Amino acid sequence: TWSREVHMTTVQQILDAKGDDIYFVRPDDTVLHALQMMERKNVGAMLVKEDDNLVGIFTERHYARKVFLKGKSSPKTRIREVMEPDVVYVEPAQSAEACMALMTEKRIRHLPVLRDGRLLGIISIGDLMKSIIADREFNIDQLVRYVRG
């Protein structure tokens, strides 16, 4: 049977599907260490934690603009000098589409997920695109089944 409700995935469902691996560096780690870890884990951003608290995010964009283009040295520059301390984050109940709107508005590609101040994971724009496309395909399939009777 066809449901009139549109299927929308939540952030928690995305984390459940992709896993909740959290990779992070510390503020006093070098940029080189963060880049090596990003390459090893095949991710475009590293969360920055200090004493179990999220204190920043470091992305490929931060590297390009705040390190490389400024002629800084990756082995000598500390993450705290180039990270973004004002981290935009979402809660697990947010919809994928609300996250996409937030990312578009803030011009970011990674969103940490927190519940009551506790870090649960991180989602990327790629995770959201995959989810939104799957939701659309599901909804189209439901409509086709309804039309066919």
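The values are calculated or read from the model by the stated rules, or taken from the named source; none is laboratory data. For clarity, every value in this text was computed on a predicted model and none was experimentally measured. Positions of Cβ are generated from backbone atoms using ideal geometry, with glycine treated the same way; all protein chains shown enter the neighbour counts. Side chains included, ligands, DNA and RNA excluded: accessible areas come from the protein's heavy atoms. Shrake-Rupley method; radii C 1.70, N 1.55, O 1.52, S 1.80 Å.
Residue under question is Ile125, and the condition is that it be under 18 Å from Ile57 (Cβ atoms) and either at pLDDT below 95 or not small (Gly, Ala, Ser) (or both); does it hold? Yes, satisfied. Among the conditions (1) open to solvent by 40 Å² or more (accessible area, probe 1.4 Å); (2) touching a His at 6+ places or on another chain (Cβ under 8 Å); (3) modelled with pLDDT under 95, Glu84 misses just one, which is (3). For the range 111-123, the condition of being open to solvent by 90 Å² or more (accessible area, probe 1.4 Å), touching a Leu at 6+ places or on another chain (Cβ under 9 Å) and closer than 20 Å to Tyr23 by Cα holds for none of the residues.
For the condition out of contact with any His (no Cβ under 9 Å at 6 or more places or on another chain), hydroxyl-bearing (Ser, Thr, Tyr) and surrounded by 15 or more Cβ atoms within 10 Å (Cβ to Cβ), Ser95 qualifies. Among the numbered conditions (1) within 14 Å of the chain's Cα centre (by Cα); (2) touching a residue at least 24 places away in the same chain (Cβ under 8 Å), the only one that Pro27 does not meet is (1).
Whether any residue in the range 49-60 is under 13 Å from the mean Cα position of the chain (by Cα), of a type in the set (Val, Ile, Thr) and either open to solvent by 50 Å² or more (accessible area, probe 1.4 Å) or at pLDDT 95 or above (or both) is what I want to check. Yes, the conditions are met somewhere in the range 49-60.
Among the residues of the range 27-43, the one identified as exposed (fewer than 14 other Cβ atoms within 10 Å of the Cβ) and closer than 17 Å to Glu84 by Cβ is Asp28. If we scan the range 89-104, do we find a residue that is within 24 Å of Gln12 (Cβ to Cβ), charged (D, E, K, R) and in a loop (DSSP other than H, G, I, E, B)? Yes; the residues of the range 89-104 include at least one that is within 24 Å of Gln12 (Cβ to Cβ), charged (D, E, K, R) and in a loop (DSSP other than H, G, I, E, B).
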